[in-house]
Structure formats: structure tokens, C-alpha cells
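One structure below.
The values are calculated or read from the model by the stated rules, or taken from the named source; none is laboratory data. The structure presented is a predicted model; accordingly, all values stated were derived computationally and were not measured. Here the Cβ is made from the backbone with ideal geometry for all residues, glycine too, and neighbour counts use every protein chain on show. What goes into the accessible areas is simple: the full protein's heavy atoms, side chains included, and nothing from ligands, DNA or RNA. Shrake-Rupley method; radii C 1.70, N 1.55, O 1.52, S 1.80 Å.
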Amino acid sequence: MPETESDTVLLDDTSIEVETDVPWSVIVWNDPINLMDFVSYVFRKVFGYSKSKAQKLMLDVHEKGRANVFNGERTEAEMFMHRLHGYGLWATLEQDK
Amino acid sequence: MEPEDSSVEHDSGHLLIYRRTRFGSKPPIVVEASADTRAALAELLSQYDLLLDPTLPESKRLFPTAYPNDPELEVGYQVLGISELTELKSEKISTFRNSIDKEELTEDEAEAWMIVLNDLRLVLGTKLDVGEDDDPSLMTTPEHHLYQSLSVVVGMIVTALAG
């Protein structure tokens, strides 16, 4: 049944597209070494965040153990994670569920 | 993360880094340091050179895992990302080395100082297994003193850059 096959193909394509469109998150993990002011400075410098937003994210990292500091497509997220690694922050990438 | 603790005495020699107070355009960042201190910084840089090999266990903290949940993507990142990171860190150390005798630093130079000295803190702190609640009075070895001195210096540069 061609129509059904076509529908199936479309559904499959759609599901694949949705999968690849799921955004990625840059996660920064707490560590006992990096200074709190240093981490805030890096968030402002890398993402251009305001002082208050950078401070809030830094406190999230410190108190909750991790913070999601950026969401977006993988290439951009990887670029930001790479810059954070350049500053010595412990950052990883994970795809949102 | 570690809050800055100005209540602890650190033997970091004569070294002050701060942004000069001046009206108008953004003033430069000043380095006041004795010749001995600058020589000590140069010696530290030679040790940092050795850490730019990502295969060394001591260097692992400088080259973190990027995709802990995806081994395939991690392999790709290790191939390209790590070599770019090594190149970036080499550039920072060159900038630091070329400005080590300067009395005023540009923003880029101050950032290079901060990144290199903080990387040394990361390696040393990992080796010493530093924790957030460690009692500073128990950090008595020469390596602990170096770690604390680096903390003070990095804190000064962050304050100057953020100002």
C-alpha cells in the first residue's frame, strides 16, 4: 500500500529530524580548585553574560554541583565548551532529553 | 569551587597585580614584582611547558573529557579538540613569557598570565587532592604553599581583569 509506505517514510524522516534537532547543553561541573570569582569572570567573558547571571550560574555550580550554562546546536555548544576548557573549567556536553 | 581567603598569609614574594586607577579610557593592569619573583615565575613557566603533553597523567585535568555519555563523539573530540587546546595553551604561555618583565600588561597578556597560573593550580591542586573544606593551617608542605600563593596571584589578576 503505497500511501501507507509513504506515510511511514515521512514519519521515520520526521522522527530522525526531531532526534538531530534536540539541543545540546554545556554543563559545568563543580571542582574544589577553581576560584569562585574566576568562574564568574569566565562565564562573563565566554558567553557575554551579565554580572548577575554569571554570578548565579557560578553559585549553581558551587552549590548544586553542576549548572547548565548554554543550550544550542552541537557545533556552537562544542565551541563554547572548548573555550571553557581553555580556561580550565570542567565542562562537558550532553544532549537534552 | 574555592572562595578567595585573604585571611591566610601567603609567601608569594613581592608581587602585586592590579588595575591602575585612572579616569578616561580603560587603564592598564600593573605588575609590581621583584626580580626574584619574576625569575620564579619564569621557572614555573618551564614546568608548565612540560604539562602540555595531554598523554601525561599529571596533565589530565587540563584536557577534560567532553562527551562522558558518548564514546564515539569523545574520540572525535580527543583527535581535534585536544590538539587545538594544546595549541591555545602554547599561545598563552608564549604571551606570558614575552610579557614576564613588563610592568604594565594588556588585557590579553593579563589573561594569559591568569590562564597559565590557574592551569598550574589545577595540576598542583589535583595532585595534592585539595578539597573545598581543607583547613589552611594543615597545608604546610612547600607544594601547598605554592598552591596557596598561586591562588592569591590568580585572585589578583581576576580582580584586575574584572575591574
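Determine the residues within region A:27-52 where the difference in accessible area between the chain on its own and the full set of protein chains amounts to at least 30 Å²; count protein heavy atoms only and use a 1.4 Å probe. Checking the loss per residue gives A:32, A:33, A:34, A:35, A:36, A:37, A:38, A:41.
Of the residues B:67, B:147, B:18, the one that moves most in a GNM of chain B with alpha-carbon contacts below 10 Å is B:67. A simple charge model with +1 on the Cβ of Lys and Arg, -1 on the Cβ of Asp and Glu and nothing else charged puts the dipole of region A:22-95 at about 260 debye relative to its Cα centre. Each Lys and Arg adds +1 at its Cβ and each Asp and Glu adds -1 at its Cβ; summed about the Cα centre, the protein assembly as shown shows a dipole of about 1320 debye. Using the Karplus relation 6.51 cos²θ - 1.76 cosθ + 1.60 with θ = phi - 60°, the per-residue 3J(HN,Hα) values for region B:130-138 come to 5, x, 5, 9, 4, 7, x, 5, 8 Hz, with x marking Gly and Pro.
Of the DSSP H helices in chain B, those that are both long (alpha-carbon extent of 20 Å or more along the helix axis) and hydrophobic (Kyte-Doolittle mean at least 0.0) are B:35-50, B:107-128, B:142-162. Each of A:22, A:43, A:95 was scored by the projection of its Cα onto the charge dipole of region A:22-95, and the greatest displacement toward the positive side belongs to A:43; charges sit on the C-beta of Lys, Arg, Asp and Glu. With a threshold of 23 Å on the Cα-Cα distance, the over-threshold entries among A:64/A:97; B:60/B:92; A:51/B:60 are A:51/B:60. On association of chains B and A, roughly 2900 Å² of accessible area becomes buried (total for both chains; probe 1.4 Å). Each Lys and Arg adds +1 at its Cβ and each Asp and Glu adds -1 at its Cβ; summed about the Cα centre, chain B shows a dipole of about 580 debye.
Would you compute the Debye intensity of region A:22-95 from its alpha-carbon atoms alone, equal scatterers and no solvent, and pass along log10 I(q)/I(0) at q = 0.16, 0.17, 0.23 Å⁻¹ to two decimals? For the requested q values the scattering log ratios are -0.47, -0.54, -1.00. Along the axis of the charge dipole computed for chain B (Cβ charges of +1 for Lys and Arg, -1 for Asp and Glu, origin at the Cα centre), the listed residues B:45, B:55, B:147 are led at the positive end by B:45.
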